[in-house]
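Quick notes on the structure that follows.
The values are calculated or read from the model by the stated rules, or taken from the named source; none is laboratory data. Just so it is clear, the structure is predicted and the values come from calculations on it, not from any experiment. Here the Cβ is made from the backbone with ideal geometry for all residues, glycine too, and neighbour counts use every protein chain on show.
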Amino acid sequence: MIIKIIEFLRLFAVSFGIFWAYTIGMNGDNPAELVLHIMSPWVVAGIAGTSGLEGLLFGKKAAQEKGFEQGSNYQKQSAIALLSYGIMALLVYFLEWGLHAELTIVLTFMFFMVFSAFNHGREAVIHKNYKWANLNRPFLTLLLIASLWYPVYNSLF
């Protein structure tokens, strides 16, 4: 049950962050950069931070929920890596390290998400592991890419 609550909170935080970023950010002088600035901690800390905490605090339940191996050192290492993304996104935001730092943490995290989506999709197709996380990750990642496209693309070019 706790994993379902964390998943709901993660989805809510990211959805709210995207909504809030576009609502507030589009009224600024440089909308793409402002949207990215507002969105980046919500998306990265919302997904990576909660996933990292989930993996460290409730690792066995989280792995069981996804149909993965439980309690391995690799799982703990992945949780720590995810938590570090979330913490860095918050540091970049609150210490106002600027556009390039925000782009770096968002793009690094999104590369992880794309590979993770591939891994979950592969798990569903090849190993017939039809757990919800394996089925929804590729589609949620596509939605995340779509929501980040405008601020990232327009901040870069």
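The table below lists the values:
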item: Subset of region 66-82 (residues that are surrounded by 12 or more Cβ atoms within 10 Å (Cβ to Cβ), assigned to a helix (DSSP H, G or I) and not aliphatic (A, V, I, L, M)); result: 66, 75, 76, 78
item: Inter-residue pairs, beta-carbon under 6 Å, first modelled with pLDDT under 95 and in region 1-19, second in a helix (DSSP H, G or I), 6+ apart; result: 3/61; 3/62; 3/65
item: Selection status of residue 93, at pLDDT 95 or above and among the hydroxyl-bearing types (Ser, Thr, Tyr); result: yes
item: Boolean, residue 66 is within 23 Å of residue 4 (Cβ to Cβ), basic (Lys, Arg) and in contact with a helix residue (DSSP H, G or I) (Cβ under 6 Å, 6 or more places away or on another chain); result: yes
item: Single residue of region 112-139 satisfying the filter (touching a Pro at 6+ places or on another chain (Cβ under 7 Å) and either on the phi > 0 side of the Ramachandran plot or not aliphatic (A, V, I, L, M) (or both)) that is surrounded by the fewest Cβ atoms within 10 Å (Cβ to Cβ); result: 121
item: Members of region 94-111 found to be surrounded by fewer than 14 Cβ atoms within 10 Å (Cβ to Cβ) and in a loop (DSSP other than H, G, I, E, B), listed by number; result: 95, 96, 98
item: Selection count, region 28-38, where residues are modelled with pLDDT of 95 or more and in a loop (DSSP other than H, G, I, E, B); result: 1
item: Test result for residue 56, surrounded by fewer than 20 Cβ atoms within 10 Å (Cβ to Cβ), closer than 30 Å to residue 101 by Cα and touching a helix residue (DSSP H, G or I) at 6+ places or on another chain (Cβ under 9 Å); result: yes
item: Only one of 33, 69, 54 that is acidic (Asp, Glu) and farther than 19 Å from residue 131 by Cα; result: 33
